[in-house]
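The values are calculated or read from the model by the stated rules, or taken from the named source; none is laboratory data. No experiment lies behind these values; they were computed from the predicted model shown. Every residue, glycine among them, receives a Cβ derived from its backbone with ideal geometry; neighbour counts consider all protein chains shown. These accessible areas exclude ligands, DNA and RNA; they are computed on the full protein's heavy atoms, side chains included. Shrake-Rupley method; radii C 1.70, N 1.55, O 1.52, S 1.80 Å.
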Amino acid sequence: MALVIYWYDIVCFGIVAASLGVSFWVLWRRELASKCDDNIIYQSLLVARPDITDRTVVPAMPGNHVGSSQLWTSCWKQVHPGWLLATRSISFLVMAGLLWKDIVEWDATIFIYYTEWTFMLIMIYFALGTVMSADVEEDGTATSITYKEKKSEGTVKLGIHCAEEAIRERAGFWGYLMQIIYQTCAGAVILTDIIFWCVIVPFLSNSHLGLNALMGCIHSLNAVFLLIDTALNSLPFPWFRLAYFVQWSCLYVIFQWVIHACGFTWWPYPFLELNTPWAPLWYFAMAAIHIPCYGIYALIFKAKNSFFPRLFPRAFVRSY
């Protein structure tokens, strides 16, 4: 890009700016301005939970909020939270080993790739999930919570050990961050793997690509580990958090602009180049593709909540 800016560069800047603007507007409308009905008692990682005198009541939550227990419990009734801890910690360790091998082989310049950004983000999600689950195990609360479902005046009651209050307080900011990263990774992993396997590998000749077993693992295990976690966890998946996925991609694009303005000449992805009149078309296509990529994972989540309850009605609990 150097310091020469053409009309089509300005159009590309406008596409990214518009994407950011719309994403912030969606979050303002759905994330920050959301409210609960007056008759609903709820706990939230974004909005402070009101005082509850009856500690046998598990608060109900609107779809865009995340309960602290959802961070470490499984959607399968008979699955101990320790299994979720195990899968998350193993996923983190395997991915850390792959990333370390990638850095050793190619050095730190691999972080100019969107794939490596997303790979690192998934690792952060598994690290946060491991910490959340480990806290529960250390406090001994995982085995002290008994699930006794019964309805009384329209309220679901569960027997809860009082030590969960400490977990709820610690879960606040980091738990909410974990939910955001989870949904950002969901869209990003579909985007990276589809572009890698369907566009870059068959059609683009890239001397920096170095396709080998390691690259194949990085562009497949990222999705495999996240899908395993999705099959086990109790986290919700509201559509509006597509906005975080869009912001994540915009941040990467801006990073590319900055390093090229500083003199970096090589583009890791040809469709991000600005020195062509076709650039606005590519940028618009990349902005639009975020919707189906996020939608694919949303459909996977919907299938989980649609088919598993039918196949295992007594073992599966829907994630909302």
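Applying 0.36 nm per residue to the separation of F24 and W174 and subtracting their alpha-carbon distance, the gain on full extension is 51.9 nm.
Considering only protein heavy atoms, with the full assembly of protein chains and a 1.4 angstrom probe, order M178, M120, M286 by accessible area, largest first.
M120, M286, M178
Label positions at C262 and C217, each projected 7 Å from the Cα along the C-beta direction, are separated by 3.1 nm. For the residues Y320, Y294, a 1.4 Å probe over the protein chains yields an accessible-area ranking, largest first, of Y320, Y294.
Surface exposure of region 64-137, expressed per residue as accessible area with a 1.4 Å probe, stands at 39 Å².
When the surface is traced with a 1.4 Å probe over the full set of protein chains, V4 keeps roughly 80 Å² accessible.
In order along region 175-183, the phi-based Karplus estimate (6.51 cos²θ - 1.76 cosθ + 1.60, θ = phi - 60°) of 3J(HN,Hα) comes to x, 5, 4, 4, 5, 4, 5, 4, 6 Hz; Gly and Pro are listed as x.
With a 1.4 Å probe and all protein chains kept in place, how much accessible area does F173 have, in Å² rounded to the nearest 10? That residue has around 140 Å² of solvent-accessible surface. Remark: region 232-314 carries 50 Å² of accessible area per residue (probe radius 1.4 Å; ligands, DNA and RNA excluded). Each residue, L281 and R310, gets one label point 7 Å from its Cα in the Cβ direction; the gap between the two is 4.3 nm.
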